[in-house]
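In what follows, a single structure is set out as structure tokens and then discussed.
The values are calculated or read from the model by the stated rules, or taken from the named source; none is laboratory data. Just so we're clear, the structure is a prediction, and the values are computed from it rather than from any experiment. Reconstructed Cβ throughout: ideal geometry from the backbone, glycine too, with neighbour counts over all protein chains shown.
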Amino acid sequence: MPVYSVFGFCIQSDIYLPELVEADGRPDVVLKIDKLATYHHKHDAGFCFRGRISNILRFLVYKGQEIVIEPFANVEIGLVRSILYGPIFTILLRQQGQLVLHGSCVVLQNAATAFLGHSKAGKSTLAEAFHHHDCSVITDDVLAIQFASDFPTVLPSIPRIKLWPDSAIAMGHQPDKLKSIYGYSSKKVHLLPQKEFPALPLSSIYVLNQGKEFSIIKLNPQQAFLEILKNSRATKELIHPQFVKLHFEQCTALLKKVPVYLLTRPLDLNSISKTVEKIQIHEQGYHRRLMPLC
């Protein structure tokens, strides 16, 4: 079975995962396509999670090491992969001890800069715009943050950006030449070059907001904490007390190290390059302030 690398782990899979980077390492996670009735792990909303996605599939995620998916009849495999890459990987990552946010992330000043917001806030479009400005995109949609060192680091995700057709056109793509995220979806995928990223320190978080004028305002600790909570993933699913406690501890630890800003800008695709330039200038100023005086 093929082995792939994503989010810092290697996964051995029963199914082909063309969006992931192939790897030679020993698998940390095993993905099986099987009947869930043959698995007797009891659901505890923590290290053993059993779930169902509509009339598409049932799944089991166990101890951050095992995924079992049982698709229903006639479900397209592309849709199964899309759900795997989103909600199922999110639960797996949280079982592995990561903080997972709904956000995209790019490389600026040799560090990770993240953008949070609701599903149509423009995170992916902004990441695509940074890609057009020769910045590497670390992750789109599923932002996994690790606390293994003194500073929070971002784990590299799937090398792709998901775009609605209007955003794809604004970024210079022809939507009919981009793949859909699955068969009948109108949302498109821009596949990025497959390359290995190290885990990078997270330097800044921007919460996306729409407004007539451009502004960047640093949030106070209470405001920042609420935004991190609001943009956290799988908090309604993983309700085991151990997971709830760890989540609050990680949010607190994150805010001790990483500033959170409210980024207000016109939600206008024609002005997105200006938004990119202003963020780059802001990040350059932030990193200059961190440099020690000679």
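Reported count of residues in the range 182-194, each being within 24 Å of His133 (Cα to Cα) and surrounded by 15 or more Cβ atoms within 10 Å (Cβ to Cβ), is 5. Against the conditions (1) farther than 25 Å from Glu196 by Cβ; (2) surrounded by fewer than 18 Cβ atoms within 10 Å (Cβ to Cβ), Phe49 satisfies every one except (2). Scanning the range 12-56 for residues being touching a residue at least 60 places away in the same chain (Cβ under 8 Å) and either within 14 Å of Ile88 (Cα to Cα) or of a type in the set (A, V, I, L, M) (or both) gives a total of 10.
Only strands (runs of 3 or more DSSP E) whose full extent lies in the range 93-142 are considered here, and the ones with at least 3 residues that are touching a residue at least 60 places away in the same chain (Cβ under 8 Å) are 99-108, 111-116. Tell me, yes or no, whether the range 95-117 has at least one residue that is surrounded by fewer than 17 Cβ atoms within 10 Å (Cβ to Cβ), farther than 27 Å from Leu255 by Cβ and not small (Gly, Ala, Ser). No, that holds for no residue. All conditions but one from (1) buried (at least 16 other Cβ atoms within 10 Å of the Cβ); (2) assigned to a loop (DSSP other than H, G, I, E, B) apply to Ala168; the one that does not is (2).
The set of residues in the range 169-204 that are out of contact with any Asp or Glu (no Cβ under 8 Å at 6 or more places or on another chain) and hydrophobic (A, V, I, L, M, F, W, C) comprises Ile169, Ala170, Leu178, Ile181, Leu192, Phe197, Ala199, Leu200, Leu202. On the given criteria, is Pro152 buried (at least 18 other Cβ atoms within 10 Å of the Cβ), in the same structural domain as Lys179 (by TED's automatic domain parsing) and at pLDDT below 95? In short, no.
For the range 224-257, the set of residues classified as without any contact (Cβ under 8 Å) to a residue 24 or more places away in the chain and out of contact with any His (no Cβ under 7 Å at 6 or more places or on another chain) consists of Leu226, Leu229, Lys230, Lys236, Pro241, Val244, Lys245, Phe248, Glu249, Lys256, listed by residue number. Scan the range 33-59 for residues that are among the acidic types (Asp, Glu) and within 27 Å of Pro2 (Cβ to Cβ) and the total you get is 1.
Of the residues examined, Phe130 is one that is among the hydrophobic types (A, V, I, L, M, F, W, C), more than 11 Å from the chain's Cα centre (by Cα), at pLDDT 95 or above and more than 23 Å from Phe248 (Cβ to Cβ). For the residues Val29, Val100, the requirement of being under 30 Å from Pro152 (Cα atoms), touching a Phe, Trp or Tyr at 6+ places or on another chain (Cβ under 8 Å) and hydrophobic (A, V, I, L, M, F, W, C) singles out Val29. Does Glu66 meet the test of being more than 26 Å from Lys179 (Cα to Cα), touching a Lys or Arg at 6+ places or on another chain (Cβ under 8 Å) and surrounded by fewer than 20 Cβ atoms within 10 Å (Cβ to Cβ)? For Glu66, the condition - more than 26 Å from Lys179 (Cα to Cα), touching a Lys or Arg at 6+ places or on another chain (Cβ under 8 Å) and surrounded by fewer than 20 Cβ atoms within 10 Å (Cβ to Cβ) - is met. Restricted to the range 181-196, and to residues there that are touching a residue at least 40 places away in the same chain (Cβ under 8 Å) and not in a loop (DSSP other than H, G, I, E, B), the residue that is nearest to Ile83 (Cα to Cα) is Val189.
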